[in-house]
1. If I filter the range 282-295 down to residues being outside any strand (DSSP E or B) and closer than 19 Å to residue 136 by Cα, which single residue comes out as modelled with the lowest pLDDT?
2. Mind checking whether some residue in the range 299-312 is outside the structural domain of residue 152 (by TED's automatic domain parsing), within 24 Å of the chain's Cα centre (by Cα) and closer than 30 Å to residue 194 by Cβ?
3. Looking at the range 250-269, is at least one residue in a helix (DSSP H, G or I), touching a residue at least 60 places away in the same chain (Cβ under 8 Å) and closer than 18 Å to residue 202 by Cβ?
4. Please go through the range 603-618 and pick out each residue that is assigned to a helix (DSSP H, G or I) and of a type outside the set (Lys, Arg).
5. Inspect the range 214-236 for any residue being under 23 Å from residue 141 (Cβ atoms), surrounded by fewer than 16 Cβ atoms within 10 Å (Cβ to Cβ), at pLDDT below 95 and among the small types (Gly, Ala, Ser) and give the result as yes or no.
6. If you check residue 99 against the conditions, is it closer than 30 Å to residue 305 by Cβ and part of a strand (DSSP E or B)?
Amino acid sequence: MPFHRLAAVPVVLLCLAAELAAMFPLFGAASPQPSSKCQRKCGSVDIPYPFGIVHSPDDDGDDDGHCAMNGFGLTCNETGINGGRHRPFAAGNVEVVGVSLQQGQARMLNDISYYCYNTTTREMVRDEWSLDFAGTPYMFSDTTNKFTVIGCQTLAYINGDDGDFGDGGDKYMSGCVAMCRGDDVRSTLSNGSCSGIGCCQTAIPKGLQYYHVEFDSGFNTTEIHNVSRCSYAVLMDSSSFTFSTTYATSPAFINNNGGQAPFVVDWAIGNETCDVARKKPGSYACFSNNTECFNSLNGPGYICNCSKGFHGNPYLHDPEHGCKDIDECKLPQLYRCTNGGVCRNRLGGYDCPCKFRWKGHTKAGTCIDHFPLAAKVAVGAIGGILLMSIISFLIILYNERKKMKKFYKNNGGPLLEEATGIKIFKKGELDPFLKNSNIIGKGGFGKVYKGLLDNKEVAIKKPINGSVRENEQFANEVIIQSHVIHKNIVRLIGCCLEVEAPLLVYEFISQGSLHGILHNHNNKVALNLETRLNIAAQSADGLAYLHSKANIRILHGDVKPKNILLDDNFVPKISDFGISRLLARDKEHTGSVIGDMNYMDPLYRREGLLTEKSDVYSFGFVILELISGRRAIHSENNSLLKSFLEYDKKKEKMTELFDKEIAITKDLGLLDTLAGMALKCLSLDVDERPTMMEIAEQLLILSRSRKV
């Protein structure tokens, strides 16, 4: 039984491994050809060989006329009350809904795990499932399936064994976070979007045969059960899934799917490559003539396909049902002969000779009538010029593509393909927007252009050529942002690697940077104290999120007003992760010092030691700029910090330092509190600085009290 509740996993897995070893000792090894009496349909599902219907999972065809290869036996069970329909099952109780010989895949149904708030007992109830295909020819498809998590305040883990193609492998663990707040349910959740708000998906590695689900009890629905009572998690076919907002706020997801979701497995014959298997004719499974062997892309073993021009079952030697020639002439809608050619079938293909007195070949559409010598000369000359033009064009195209491939590799393309599922744009998709008229920002890093992709405004960041020295440095920003999904973090949509300096595509943030709004007199916007407090609180929340991720921590390393962007509603979004660090939990980073000296932690500047408290120090300046309206400028005696420290030391009121636009009598106490908070962040003693989580909580309390 491959399905298990999580609580039973440790004991059951040991028993299951022994059972499966007995059930499938040589799965995929070729067996004698199946009997013509074998059942080839169960309900509405076709069961092609090497699969077959057997009496029970453990006989696997030995007593059923060799209806299935070892390991591919299915049972056909009657399901439902009072005699329902028949359905096929693999390994005992995993329902099979379809088999593809050509792709080497099978589509099955998987139980959905859930973690729910019981309104009667006021406790959380969980039902966490596992699925084990160890000892079988099945591997979870890494190209089709994704671990899908649905709910609010939900963190679910997928734990498994990557298999390493049969030698035990390393343990595998990943997770996905789905978050939403009360206002998100009304305004942020959207149908079809599974990007972390109410829904999250993550890919799985190759070679995975076992997994089980765990819900993190630190993320639950006890506080928001009136919005989202349950969380769900399942490994499923992502191509058949479309997120609905009702899934996060009601039982619709599990109810609509009957408690199960479809997933895809890759299957293969044996555990050898094609080259090795061919040398063992007694066990080689590609029985039919005119077959081709393909190594599995998801683990050991191989699959068989009919050669081009043939169709049928490549695992059968029977000429009637094995690979036989396609008579293309009987299928003119698929195999056409143009210009009046006459179709003539041949083994493995067909020919279309031109009709009488015509020359050429109708399959290529080149049949032409005879014509005079002068016409031939003219056509030849024109053809020669055209040919030279085409050759020149192809040479230019070849060189351009060669250059683009080189850029793609140098910019870390292979690394990014493995590390993240972020969208990689072609150069031609972004070229139309890289015009001077579309520039919305520029500086030492390069230029930022405004564009429109899929009817959505985007910001395209183009660094200066040569500014990215190593592909790992560029890939750092992409990998970090692919792990970040938060409403106060700028979302990275994708990148283009086919240029010398790789391009980054972000969501477009309309108001620009906090620095520009505070200090650019041409575009300065009046911000009241409530708006500034919200900007500080939500920016702190975004940074706290970066510091508090479960298995990794993300240090921004360059926190400053220029890297805090504001949307139409002045909601802040942290940007620019170019020098961020993605570190394992409880590790520190030391290395070259990169960042804006005006906001840099003295310890980091002096010793190259970057920690969470470095971001806290920089955020202290952000608070001071918000309440004073003055810029922080690096010098031996920073005038902004020095002014606040002098007033604090003398225990004098700081009224003169506050921005006159917000320094009204009733708010002076709140401004003093914010100033004190900023000075704690800017303490030279790292241990005296608060954490970003503490800062975010204090600012949230101040913001809420302001609204009361």
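The values are calculated or read from the model by the stated rules, or taken from the named source; none is laboratory data. As the structure is a computational prediction, the values presented were derived from the model and not from experiment. No Cβ is skipped: glycine too gets one built from the backbone with ideal geometry, and neighbour counts run over all protein chains shown.
1. So the residue we want is 283.
2. Yes, the conditions are met somewhere in the range 299-312.
3. Yes, the conditions are met somewhere in the range 250-269.
4. Of everything in the range 603-618, those that are assigned to a helix (DSSP H, G or I) and of a type outside the set (Lys, Arg) turn out to be 603, 604, 607, 612, 614, 615, 616, 617, 618.
5. Looking through the range 214-236, none of the residues is under 23 Å from residue 141 (Cβ atoms), surrounded by fewer than 16 Cβ atoms within 10 Å (Cβ to Cβ), at pLDDT below 95 and among the small types (Gly, Ala, Ser).
6. Spelling it out, residue 99 is indeed closer than 30 Å to residue 305 by Cβ and part of a strand (DSSP E or B).
Here's the yes/no breakdown for (1) surrounded by fewer than 13 Cβ atoms within 10 Å (Cβ to Cβ); (2) over 46 Å from the mean Cα position of the chain (by Cα):
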site	(1), (2)
628	no, no
649	yes, yes
677	no, no
688	yes, no
698	no, no
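So that you can scan it fast, the table gives a plain yes or no per residue for (1) in a strand (DSSP E or B); (2) buried (at least 18 other Cβ atoms within 10 Å of the Cβ); (3) of a type outside the set (Asp, Glu):
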| residue | (1), (2), (3) |
| --- | --- |
| 276 | no, no, yes |
| 280 | no, no, yes |
| 297 | no, no, yes |
| 303 | yes, yes, yes |
| 308 | no, no, yes |
| 313 | no, yes, yes |
| 318 | no, no, no |
| 337 | no, yes, yes |
| 345 | yes, no, yes |
